[in-house]
Amino acid sequence: MRTLTVLSTLIVFLATTQNALAADPTPVQIMEKAVKAIKLDGAESIATLIIFDAKGNKRVRKTASVSKLYDKGLTEKRLIRFLTPADVKGTGLLTFDYENKTDDMWLYLPALRKTRRIVASEKAKSFMGSEFSYADITPPKVEDFTHKIIKTEKAGGVSCWVIESIPKSEDIAEENGFSKKVSHIGKPDFMIRKSIYYDLDDELHKELTTLKVEEVDKEKHLFRPMHMEMLNKQNKRRSVMKIEKFKLRPDVPDEYFTTRYLER
């Protein structure tokens, strides 16, 4: 009888523990799911990037993008090419986003007819004059940061985990351009609804707001942010990224993700 009682207690304990884990994932699990929630087999899109200065003057740029997963989802390759205006037309950014090693990035500048590699020390720099950085273009490596759930609250009308992420080293902080990031991750879909960035001096720097999210792959329940805004709290500049057209396309040609195609 005692054996049955102990066994029953153990079963109840294990069931309770499993339910608790299911209800309350760890901050690392949440961040990992946030990265995977936007990984699609293949896709193409047209987007508008609007860059506002501190006085409200704006520059409008149109981009075309393609992406595709490789290595059983461990690598995502992306190509972004600027379509308009004329002074940036043809400029392209090719990114290989690896899950287990440092990403590769190449920038093609048609005016110079030259492709150059973006090194780690440059990733915190502005992407094409916007408030988005090169580091913002690719998801950060989850294991490069310590993550802590600090509270739960709503952002954009969605219940979110609020997670504080701190770089594990000075090199990682400098590469990403922040000493701390506080992210609001939506509980229903693991989408980032808001992120607050602190610069390397621990001062409030930028705030990212996701204004629109769409489920773009209903079969796999995968999502994409369709409207994002990045506000620089220090210089009052603002950048808006809106996806105007989107299409799942797992058959994107492999040649698109080469420096040779980038330079076309």
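Against the condition surrounded by 13 or more Cβ atoms within 10 Å (Cβ to Cβ) and within 19 Å of the chain's Cα centre (by Cα), how does Lys206 come out, does it pass?
Answer is yes for this residue.
When only residues in region 77-93 that are of a type outside the set (Phe, Trp, Tyr) and in contact with a Ser or Thr (Cβ under 6 Å, 6 or more places away or on another chain) count, which is nearest to Leu40 (Cα to Cα)? So that I can check it myself, show each step before the final result.
Step one: list which residues in region 77-93 are of a type outside the set (Phe, Trp, Tyr), which gives 77-81, 83-93.
Remaining after also requiring in contact with a Ser or Thr (Cβ under 6 Å, 6 or more places away or on another chain): 78, 80.
Details: Arg78: 11, Ile80: 16 Å.
Looking at the filtered set, the residue picked out is Arg78.
Within region 177-204, how many residues turn out to be within 27 Å of Asp24 (Cβ to Cβ) and outside any strand (DSSP E or B)?
6
Table: residues versus (1) closer than 15 Å to Pro140 by Cβ; (2) buried (at least 18 other Cβ atoms within 10 Å of the Cβ).
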site	(1), (2)
Ile163	yes, yes
Glu174	yes, no
Gly177	yes, yes
Leu211	no, no
Lys247	no, no
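Taking region 171-198 as the search range and keeping residues that are β-branched (Val, Ile, Thr) and under 13 Å from Thr152 (Cα atoms), which one is farthest from the chain's Cα centre (by Cα)?
Val182
Find all pairs meeting these conditions: Cβ atoms under 7 angstrom apart; at least six residues apart or on different chains; first residue within region 234-256 and free of Cβ contacts under 8 Å to residues at least 60 places away in the same chain; second residue surrounded by 12 or more Cβ atoms within 10 Å (Cβ to Cβ).
Gln234/His205; Glu255/Tyr261
So if I check each of Glu99, Glu131, which one is under 26 Å from Lys236 (Cβ atoms) and crowded, with 16+ Cβ neighbours inside 10 Å?
Details: Glu99 fails: under 26 Å from Lys236 (Cβ atoms).
Result: Glu131 is the single residue among Glu99, Glu131 that is under 26 Å from Lys236 (Cβ atoms) and crowded, with 16+ Cβ neighbours inside 10 Å.
So which pairs qualify, if the first residue must be in region 37-57 and under 27 Å from Ile185 (Cβ atoms) and in contact (Cβ under 8 Å) with a residue 24 or more places away in the chain, the second must be among the charged types (D, E, K, R) and not in a strand (DSSP E or B), the Cβ gap must be under 6 Å, and the two must be at least 6 apart or on different chains?
Gly42/Arg249; Ala43/Arg249; Glu44/Arg249
If only one of Glu214, Glu255 is farther than 23 Å from Leu49 by Cβ, outside any loop (DSSP other than H, G, I, E, B) and at pLDDT 95 or above, which one is it?
Sole residue among the options that is farther than 23 Å from Leu49 by Cβ, outside any loop (DSSP other than H, G, I, E, B) and at pLDDT 95 or above: Glu255.
Pull up region 102-116, narrow it to residues that are under 24 Å from Met241 (Cβ atoms) and surrounded by fewer than 18 Cβ atoms within 10 Å (Cβ to Cβ), then point me to the one that is nearest to the chain's Cα centre (by Cα).
Among those residues, the one meeting the criterion is Asp104.
The values are calculated or read from the model by the stated rules, or taken from the named source; none is laboratory data. On a predicted model such as this, the values are computed, not experimentally measured, just so you know. Here the Cβ is made from the backbone with ideal geometry for all residues, glycine too, and neighbour counts use every protein chain on show.
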